[in-house]
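Undergrad: Sharing a structure with you now.
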Amino acid sequence: MKSLHSKGLVVLLFLSMALTFQGCELFDKVDDVTFDVELPLEFLIDEQMESDVPVIYSDMAILDALDEPEVAKYKDKIREIKLNKITYAITNYSAPGTVTFSNGTLSMAGAGTLASASSIPLMNTPDTELTTTNATGFNEFANQIIDDKQVTINLDGTFSTTPVAFTLTAYFHVTIKADALK
C-alpha cells in the first residue's frame, strides 16, 4: 500500500510542477493588452519655384509614437508592435494646374522603403492605402518604435510641375501588445 501511495505522490508532485511552469507562462500573458492605433505624420509641402519640367522632392519628418496618448500610457510596457498598413491623405492642395507626384516613397534610414506609389495625381484626397509595401521595412519600423519610440521617415518623389503646396499626412496603422501590469 505504501508503494502505491508513494507513486501517487510522485505523480501528483510531477503534475503540480508541470502546472506551475505552464501556469507562469499563462499568467504572464493574462495581463497583456492589445490595441490598434493610427500614428499620424504630417509633411507640409510648399514648392513655389515655377517649373514646367519634373522637380525632384525630398523631405524628412520624425514620427514620435509617444505623441499618441494610448502609446504613451504603455511606453515602458510595449512587448510587440505590428505595422499593419500605411494610408495617406492630402489636404490644403494648391497649384495652378494638375500636378502628379511620381516615384513616391516613404522610407527609413537603414530599413529601405516602407511603401511606394508610382503615380499620384495631387488633389485633396481622403484616406487612401499605399498598397506597394515592403515587409522587411514594416518589421524594422516596428522594431525601431519598440526600441526608440520614434522613427525618422523620408518622403521622396518627383512633381510633374511646380509650384504646388499641400499637406500630406501619412497614417501608420499599428497593433500594439503591452504588459498592462508590469
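Undergrad: Grab the strands (runs of 3 or more DSSP E) fully contained in region 63-182, keeping just those with 2 or more residues being in the same structural domain as SER51 (by TED's automatic domain parsing), of a type outside the set (Lys, Arg) and touching a residue at least 60 places away in the same chain (Cβ under 8 Å).
TA: Details: elements: 78-94, 100-108, 112-121, 125-129, 150-159, 162-179.
Counting at least 2 such residues, we get 78-94, 100-108, 150-159, 162-179.
Undergrad: Check off (1) at pLDDT 95 or above; (2) under 17 Å from the mean Cα position of the chain (by Cα); (3) part of a loop (DSSP other than H, G, I, E, B) for VAL53 and give me the number that stays unchecked.
TA: Every listed condition holds for VAL53 apart from (2).
Undergrad: Right, here's the next one. Please count how many residues of region 143-182 are out of contact with any helix residue (DSSP H, G or I) (no Cβ under 8 Å at 6 or more places or on another chain), at pLDDT 95 or above, of a type in the set (A, V, I, L, M, F, W, C) and buried (at least 20 other Cβ atoms within 10 Å of the Cβ).
TA: 7
Undergrad: Also, quick follow-up: If you check SER107, SER116, which single one turns out to be of a type in the set (Gly, Ala, Ser), surrounded by 12 or more Cβ atoms within 10 Å (Cβ to Cβ), under 27 Å from THR34 (Cα atoms) and in contact with a Ser or Thr (Cβ under 9 Å, 6 or more places away or on another chain)? Break it down stepwise before answering.
TA: Details: SER116 fails: under 27 Å from THR34 (Cα atoms).
Answer to the selection: SER107.
Undergrad: Which members of region 132-178 meet the condition of being β-branched (Val, Ile, Thr), over 14 Å from the mean Cα position of the chain (by Cα) and over 17 Å from ALA115 (Cα atoms)? First the steps, then the outcome.
TA: First, pick out the residues of region 132-178 that are β-branched (Val, Ile, Thr): 132-133, 136, 145-146, 151-153, 158, 161-162, 164, 167, 169, 174-176.
Filter once more, so that each one left must be over 14 Å from the mean Cα position of the chain (by Cα): 132, 158, 161-162, 164, 167.
Matches in region 132-178: THR161, THR162, VAL164, THR167.
Undergrad: Tell me, yes or no, whether region 86-94 has at least one residue that is surrounded by fewer than 15 Cβ atoms within 10 Å (Cβ to Cβ) and either touching an Asp or Glu at 6+ places or on another chain (Cβ under 8 Å) or of a type in the set (Val, Ile, Thr) (or both). Walk me through how you get there before you give the answer.
TA: First, pick out the residues of region 86-94 that are surrounded by fewer than 15 Cβ atoms within 10 Å (Cβ to Cβ): 91-92, 94.
Remaining after also requiring either touching an Asp or Glu at 6+ places or on another chain (Cβ under 8 Å) or of a type in the set (Val, Ile, Thr) (or both): 91.
Yes - at least one qualifying residue is present in region 86-94.
Undergrad: Before we move on, is PHE35 exposed (fewer than 15 other Cβ atoms within 10 Å of the Cβ) and aromatic (Phe, Trp, Tyr)?
TA: Working: exposed (fewer than 15 other Cβ atoms within 10 Å of the Cβ): yes; aromatic (Phe, Trp, Tyr): yes.
In short, yes.
The values are calculated or read from the model by the stated rules, or taken from the named source; none is laboratory data. Source: prediction; values computed, not measured. Every residue, glycine among them, receives a Cβ derived from its backbone with ideal geometry; neighbour counts consider all protein chains shown.
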